[in-house]
Amino acid sequence: MQTKKHTPNPSQEGNHSLRENMDILKFITAGSVDDGKSTLIGRLLYDSEAILADQLEALHASNRKNDDGSIDLAILTDGLKAEREQGITIDVAYKYFETDKRKFIIADAPGHIQYTRNMVTGASNAGLAIILIDARKGVIEQTTRHSFLVSLLQIQQVVVAVNKMDMVDYSEDVFNKIVADYKVLAGKVGLQNVTYIPVSALKGDNIVYPSAKISWYTGDSLLTHLENVQLEVDDTSSHARLPVQWVVRPQTDELHDYRGYAGRVSSGSFHVNDKVTILPSGFSSSISKIEFYDKELAEAVAGTSVTVHLADNIDISRGDIIVNSAGQPQLSNLIEADLCWMDTRPMDTSLTYLVQHNTKTIRCKISEVLYKVNINTLEKDYEEDFKLNDIGRIVIKTAEPLAFDPYQLNKANGGAIIIDSRTNVTVGALMLRQAVD
Amino acid sequence: MSKNRLDYLDELEAEAIYILREVAGQFEKPALLFSGGKDSITLVHLALKAFRPGKFPFPLVHIDTGHNFEETITYRDEMIARIGEKLIIGHVQDSIDEGKVIEQKGKNASRNALQTVTLLDTIAKHQFDACIGGARRDEEKARAKERIFSVRDEFGQWDPKRQRPELWNIYNGKIHKGENVRVFPISNWTELDVWNYIRRENIPLPSIYFAHQRDCITRNGQLMAASPFLNMDDEDIIEKKNVRFRTVGDMTCTAAVESYAFELDDIINEIASSKISERGARMDDKVSEAAMEERKKGGYF
């Protein structure tokens, strides 16, 4: 026999590796190499035993060591050769590990200001952000910058990890002062759900295991917190959105009239018989059937990839979005948005760019620059030029109306990218805010 | 607001299906690279879920080194017959015969590096603008930074310094003529996720993934299947071993592991407790720390 079928073995359900109903937490770490960010991630992986023997062997064989001769855990995350040579993280690297409670995906993004776009990229998919603060330095300019970006990208949960506690004699006063300072900043940038944890990544205090040296701290270690923090999903019907990716039309004899709209529910939930509206056309219908491969479903919730059928025969194609008729998004071709510019060529208001929102890619122009933000000081700046890593508020004009939700209310239907049609490169990230009358 | 988040396998599956449908929607002539390994078998299963009852909007492409495990080819042909989709085969032997590549000599000779040329030729011949592959970010450090939509220039090269930012789940597949995009729908899966998914979905696999008796030799500390493709001499001692393979590649560079995992659950337990990463069983990655990065820049998958 060349192929082998197997039967699931229910007696092993409780086994470590066969766990079900675990979810995934994607998180980003914000900090610079000087704050020990790579060391912190290395410590998380090392102490949670997520590093395999051959990788450890390479780690031990490397000639990069800490001053005390212990292995430099930062090597685990510095992926590319150029980065290993320069000793800094340039691009976003993704790391994977799991514990008994959860699976984790770390987006390890660089923290220096010249890599703001990389951090924005890593933050776009994160449900939680760890903001690293060097206990000796406290809340500094880069802390403001990182916190602003976390708020701009609307990351749900924030952990402030006060690192290098070993360098300040594990002082509670130092920690409390930093917490007080950060609370002021969090209020200023609009961050909620902030948790504060004193750690030493280098010594391993409070990363995976609680530390006797920080006995005054009664909260969870970083890993315990990551394992237990609750993330919420918006599955209310009124926010139901399904961008159409692909129309399934088998056109065979037995499935001659089959017409299914394939896509991933980006927010909310759909049910059979829900009244829906197709945008931008504005036609309405109702859902007659929800399919997933060989199954028929009564409901499709946010995050699931399904195929839906409508009661009426309407011309729908890729780029359209199916929404619940009772809770429609905004529809406009003139939209105020926050913009992060990501290209070395500055933004040019005289150029026509492309905007990609969900499954739709159309022409656009930046019709107005309202202001830029100095992301180190949070002061507004009224210069018109948008260069690499600049962030600010603009008005975008699109060739056709976009059906969008404000990013702050619905990330999945409020984010978009700008593409330079000369180079085809992604040059900007848009967080859509509201239609301009 | 509710607190019901998707189970991790459901989330990974939904993401992969979304990515496959983006390929279908954004490209003129996509292809799915099928190696006969568990990752590409998983991709085919995901494509069934993405496009049925319609046909796949792309053919499967197999780059055949000619040094295959027989079981893989049998599996491939049975699978194609079962799903009724189109298969295109690019032969490394053709590239050798055409003089485009030269067969390596010596004990550690392998066709693994040669298949890059055959792959690029096959892409050019069929004018594929997107190639879907089963690479995962957890496999290797260089892969950890690769995008899900990874643009290659007309020489098939990947430039790690000039990758496009990839935000949210918006994938920019715009390219110039001659360029193509490698797409990795299971980027965010780990080896164990793939195995648990195969188990949950009851996906059949080639038999070499399961423990069996085989003639092996030990080379550079690794167990290799004895075969006519492996250059052997008197120093090589053939021993019967109970082995299985963790990856399926060219017979000359895919190492076996000693194993008594006859069933899927045994394999999952073995991997969960294993202390050697999957690529640790690929001889060609041992050459240098930066080996994978160099090969990827040159157009290797």
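Which whole-number percent gives the relative contact order of the stretch A:110-172, counting Cα pairs below 8 Å spaced six or more residues apart? The partial results should precede the final answer.
Values: 66 pairs, mean separation 25.6, N = 63.
Relative contact order, the stretch A:110-172: 41 percent.
Mind giving me the nanometre distance, one decimal, between the label points for B:Q93 and A:T377, set 7 Å out from Cα along Cα→Cβ?
7.2
Working from the pairwise distances between different alpha carbons, so that the mean of 1/r is found and then inverted, what is the stretch A:104-245's Kirkwood radius in Å?
After inverting the mean inverse Cα-Cα distance, the result is 16.2 Å.
Over 21 Å between Cα atoms: which of B:K125/B:K145; A:K103/A:K164; A:K295/B:K29; A:K95/A:K164; A:K177/A:K213; A:K95/B:K49 fall into that group? Could you put the intermediate results ahead of the total?
Numbers: B:K125/B:K145 29 Å; A:K103/A:K164 27 Å; A:K295/B:K29 29 Å; A:K95/A:K164 23 Å; A:K177/A:K213 19 Å; A:K95/B:K49 27 Å.
Too far apart for the 21 Å limit: B:K125/B:K145; A:K103/A:K164; A:K295/B:K29; A:K95/A:K164; A:K95/B:K49.
Given C-alpha coordinates of chain B, what is the ratio Rg to Rh with the Kirkwood estimate of Rh? Spell out each step's value before the answer.
Numbers: Rg = 19.0 Å, Rh = 20.1 Å.
That ratio is 0.95, to two decimals.
What whole-number volume per residue, in cubic angstrom, does the convex hull of the C-alpha atoms of the stretch A:226-268 give?
Convex hull of Cα atoms, per residue: 123 Å³.
Based on DSSP, what percent of beta bridges with both residues in chain A are antiparallel, to the nearest 5?
Rounded to the nearest five, the antiparallel share is 75 percent.
If you find the alpha carbon centre of the stretch B:1-48 and of the stretch A:102-129, how far apart are they in angstrom?
Between the Cα centres of the stretch B:1-48 and the stretch A:102-129 lies a distance of 23 Å.
For the stretch B:206-285, build the convex hull from the C-alpha positions and give me its volume per residue in Å³.
Dividing the Cα hull volume of the stretch B:206-285 by its residues yields 89 Å³.
Rolling a 1.4 angstrom probe over the protein heavy atoms, how many square angstrom per residue are accessible across the protein assembly as shown?
With the other protein chains kept in place, the protein assembly as shown gives 39 Å² per residue.
Considering the dipole of chain A built from charges on the beta carbon (Lys and Arg +1, Asp and Glu -1) around the Cα centre, which of A:A109, A:F270, A:A403 is farthest to its positive end?
Of A:A109, A:F270, A:A403, it is A:A403.
Label-point separation (nm) for B:N242 and A:K101, each offset 7 Å from Cα along Cα-to-Cβ?
The two pseudo-label positions are separated by 3.9 nm.
Based on the alpha carbons, how large is the Rg to Rh ratio for the stretch A:390-433 when Rh follows Kirkwood?
Radius of gyration relative to Kirkwood radius: 0.97.
Using helices alone, I'd like the mean residue ellipticity at 222 nm for chain B: each DSSP H run of four-plus residues gives -39500 (n - 2.57), total over residue count, nearest 500.
Using -39500 (n - 2.57) per qualifying helix, the result is -9500 deg cm²/dmol.
If you stretched the chain out fully between A:R363 and A:I140, how much longer would it get, using 0.36 nm times the residue separation minus the C-alpha to C-alpha distance?
76.3 nm
List the extent of the Cα atoms of the stretch A:237-324 along each of their three principal axes, largest first, rounded to whole Å.
Result, largest extent first: 38, 28, 21 Å.
What do you get for Rg/Rh of the protein assembly as shown when both radii come from the Cα atoms and Rh is the Kirkwood radius? It would help to have the intermediate numbers written out before the result.
Values: Rg = 26.0 Å, Rh = 27.1 Å.
Looking at the protein assembly as shown, the ratio lands at 0.96.
For peptide B:17-30, compute the average count of partner chain beta-carbon atoms within 10 Å of each residue's beta-carbon. Before the final figure, lay out the partial values.
On the way: counts 9, 10, 3, 4, 11, 5, 2, 6, 10, 5, 0, 0, 0, 0.
Mean inter-chain Cβ contacts per residue within 10 Å come to 5.
Taking the Cα centroid of the stretch A:367-431 and of the stretch A:223-253, what is the distance between the two, rounded to the nearest whole Å?
25
GluC sites (Glu not before Pro), restricted to the stretch B:35-122: which are DSSP loop and have at most 16 other Cβ atoms within 10 Å? Walk me through the numbers on the way to the answer.
Numbers: sites: B:E70, B:E71, B:E78, B:E85, B:E98, B:E103; in loops: B:E85, B:E98, B:E103.
Passing sites in the stretch B:35-122 are B:E98, B:E103.
Among A:W216, B:F262, A:V301, which residue has its Cα positioned farthest towards the positive end of the charge dipole of the protein assembly as shown, with +1 placed on the Cβ of Lys and Arg, -1 on the Cβ of Asp and Glu, and the dipole taken about the Cα centre?
A:V301
Extent of the stretch B:64-159 along each principal axis, from alpha carbon coordinates, in Å, largest to smallest?
On the principal axes, the stretch B:64-159 reaches 39, 34, 28 Å in Cα extent.
For the pair A:L334 and A:E384, how long in nm is the line joining their label points, each one 7 Å along Cα→Cβ?
Going from the A:L334 label point to the A:E384 one covers 1.9 nm.
Could you give me the radius of gyration and the Dmax of chain A, taking only the C-alpha atoms into account and expressing both in angstrom?
So, for chain A, Rg and Dmax equal 24.3, 77 Å respectively.
What is the extension gain from B:D77 to B:H176, computed as 0.36 nm multiplied by their sequence separation minus the C-alpha to C-alpha distance, in nm to one decimal?
32.2 nm
The values are calculated or read from the model by the stated rules, or taken from the named source; none is laboratory data. These numbers were taken from a predicted model, which means no experiment stands behind them. Counting neighbours? That spans all protein chains shown, and the Cβs are built from the backbone with ideal geometry, glycine included. Just so you know, the surface numbers come from the protein's heavy atoms only, side chains and all, with ligands and any DNA or RNA stripped out. Shrake-Rupley method; radii C 1.70, N 1.55, O 1.52, S 1.80 Å.
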